[in-house]
Amino acid sequence: MENKDDIRLLNSEQLEQFFIDNNQKKYRVDQVLDWVWNKGVDNFSQMSNLSDNLRNLLNKEFVLNKPIEIKSYKSIDGTIKYSIQLFDKNFIEAVLIPSKNRITACISSQVGCSLDCKFCATSRLIRKRNLLFYEIFDQLFYLNEQSKFYFKRKISNVVFMGMGEPLLNFKNVVEAIKKMKMECGLKLSAKKITISTSGIPKVIKQIANENLNCNLAVSLHSAIQKTRQIIMPFSEKFPLEDLIESLKYWYKVTKKKILYEYIIFDGINDNIEHIKALVKICKILPCKVNFIEYNPTGEEIFRQCKVEKLQLYQRHLSSEGIVNTFRVSRGRDIKAACGQLINSNKAG
């Protein structure tokens with residue numbers, strides 16, 4: 001098999017130089033970019049406004065590494081999960097979540113995951129590789145077409161809450177977001193894009209400097225370091241004080257409030273000590289707390305908290321003026337809910 005680059009690895013200047021070197025008109029650049037980012041074609045033969053000679057040239061020099069196969073699984077609540085087999089036969093999953101006022105796409109950033117969050121099924125997968133920026137974009141492009149077909153609406157919101165830790169694939173995630181915002185692409189508003197991270201302080205500062213204007217969500221789950229390390233062992237290397245310092249920098253640069261994602265586990269972080277610790281952290285920077293329903297993944301140590309413990313958390317936060325919500329999980333019956341993406345439906 002020939003080792004050819006995906007044409008989408010070339011920026012417009014590189015593509016222009018390629019056309020000049022091959023005695024082609026420069027205006028062809030815009031045509032090709034429109035085909036690959038706006039129309040999302042699978043092969044060069046579909047580029048109907050190019051000459052046969054040019055299409056043959058592109059086919060000789062480049063590839064379009066599109067997914068081999070995509071399977072869908074529909075939930076009783078309307079959520080749709082997609083199992084995507086990539087060009088190299090690795091698998092990822094993405095989720096389309098419809099609601100009254102929005103259509104949200106939950107997309108992946110890695111094949112597997114780099115981290116070890118104990119409550120999350122995805123963390124049990126070996127991280128095989130980072131997704132390339134065009135593979136991240138392809139997920140969203142496909143889900144957007146599906147949204148138009150099933151719900152007669154385009155995707156309104158994008159969350160990097162699928163498989164993988166986005167900040168450990170920093171360059172590709174940043175480039176993918178830029179492509180999502182392009183006029184010749186999906187034209188998504190940055191304000192509707194949320195990067196969800198388990199908390200990598202150094203990279204939070206880096207992404208603040210990228211001027212993406214997107215939102216940042218942090219999987220917190222405990223504001224007490226020793227408890228957080230039980231839930232998310234990797235966080236021993238990234239202490240809470242370092243995380244908070246990086247979030248201060250994020251807010252200073254972007255002026256965008258933080259979204260803390262928080263699961264309350266029975267007998268682990270459901271007492272008043274943890275509530276007070278969370279209140280203390282929330283008073284440092286403008287933020288919102290999103291309480292997430294726990295979705296069982298087979299780990300016996302983790303259980304959904306009692307309703308009264310959630311209510312106790314919410315009463316304390318609300319009394320301190322801290323905005324908070326509770327998100328009911330969607331797609332649990334097809335293992336599409338938070339923490340459940342593990343490719344259990346893949347072929348073979």
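The values are calculated or read from the model by the stated rules, or taken from the named source; none is laboratory data. Because the structure is a prediction, the values reported are computed rather than measured. Every residue, glycine among them, receives a Cβ derived from its backbone with ideal geometry; neighbour counts consider all protein chains shown. The protein model used for the area step is the full one, side chains on, heavy atoms only, and it has no ligands, DNA or RNA in it. Shrake-Rupley method; radii C 1.70, N 1.55, O 1.52, S 1.80 Å.
The long axis of helix 307-319 is offset from the longest Cα principal axis of the chain by roughly 90 degrees. Applying 0.36 nm per residue to the separation of N290 and Y249 and subtracting their alpha-carbon distance, the gain on full extension is 12.6 nm.
Placing a label point 7 Å from the Cα of K128 along the Cα-to-Cβ direction, the residues of the range 75-100 with a backbone N closer than 12 Å are 84-93. Projecting label points 7 angstrom from Cα along Cα→Cβ for D88 and F149 puts them 2.7 nm apart.
With the simple model of a label 7 Å out from the Cα in the direction of the Cβ, E241 to S51 spans 6.8 nm. Spacing of the modelled spin labels on D34 and S72, each 7 Å from Cα toward Cβ, amounts to 2.8 nm. Under a Gaussian network description of the chain, with springs only between Cα atoms under 10 Å, the residue in N22, N215, N295 that fluctuates furthest is N22. Within the accessible surface of the range 222-298, defined with a 1.4 Å probe on protein heavy atoms only, the carbon and sulfur portion equals 54 percent. Accessible surface area normalised per residue over the chain is 47 Å², counting heavy atoms of protein chains with a 1.4 Å rolling probe. Sorting D42, D266 by solvent-accessible area of protein heavy atoms yields D42, D266, largest first, with a 1.4 Å probe. About its Cα centre, the range 121-225 has a charge dipole of approximately 140 debye under the convention of +1 per Lys or Arg Cβ and -1 per Asp or Glu Cβ, with nothing else charged.
Each Lys and Arg contributes +1 and each Asp and Glu -1, all at the Cβ; summed about the Cα centre of the chain, the dipole is approximately 1000 debye. For the chain, the relative contact order is 15 percent, taking Cα pairs closer than 8 Å that sit 6 or more residues apart in sequence and dividing their mean separation by the residue count. Across the range 18-28, rounded Karplus estimates of 3J(HN,Hα) from the backbone phi angles (6.51 cos²θ - 1.76 cosθ + 1.60, θ = phi - 60°) give 4, 5, 4, 5, 10, 6, 10, 6, 5, 5, 5 Hz, Gly and Pro being marked x. Placing unit charges on each Cβ (+1 for Lys and Arg, -1 for Asp and Glu) gives the range 111-260 a dipole about its Cα centre, and among F160, A190, N172 the Cα reaching farthest toward its positive end belongs to A190. When the Cα positions of H316, L212, F234 are compared along the charge dipole of the chain, H316 comes out farthest toward the positive end, with charges on each C-beta of Lys, Arg, Asp and Glu. The dipole here belongs to the range 208-249: it is taken about the Cα centre, uses +1 on the Cβ of Lys and Arg and -1 on the Cβ of Asp and Glu, and is about 160 debye. Taking 0.36 nm per residue of sequence separation and removing the Cα-Cα distance, the D5/N271 pair yields an extension gain of 90.4 nm.
Shown for the range 6-160: the carbon plus sulfur share of the solvent-accessible area, taken with all protein chains present and a 1.4 angstrom probe, equals 47%. Under 10 Å, Cα contacts only: if you run a Gaussian network model on the chain, which one of G199, G164, G40 comes out with the highest mean-square fluctuation? Of G199, G164, G40, the most mobile in the Gaussian network model is G40. Angle of helix 272-282 to the longest C-alpha principal axis of the chain, folded into 0 to 90 degrees and rounded to 10: 50°.
When all protein chains stay in place and ligands, DNA and RNA are ignored, the 1.4 Å accessible-area order of K171, K248, largest first, is K171, K248. Residue ranking by accessible heavy-atom surface, 1.4 Å probe, largest first, among L125, L96 comes out as L125, L96. Kindly express, to the nearest 10 degrees and within the range 0 to 90, the angle between helix 240-254's C-alpha long axis and the longest C-alpha principal axis of the chain. On a 0 to 90 degree scale, this one is about 50. Of the residues L96, C117, L131, the one whose Cα sits farthest towards the positive end of the charge dipole of the range 83-136 is C117 (charges of +1 on Lys and Arg Cβ, -1 on Asp and Glu Cβ, taken about the Cα centre).
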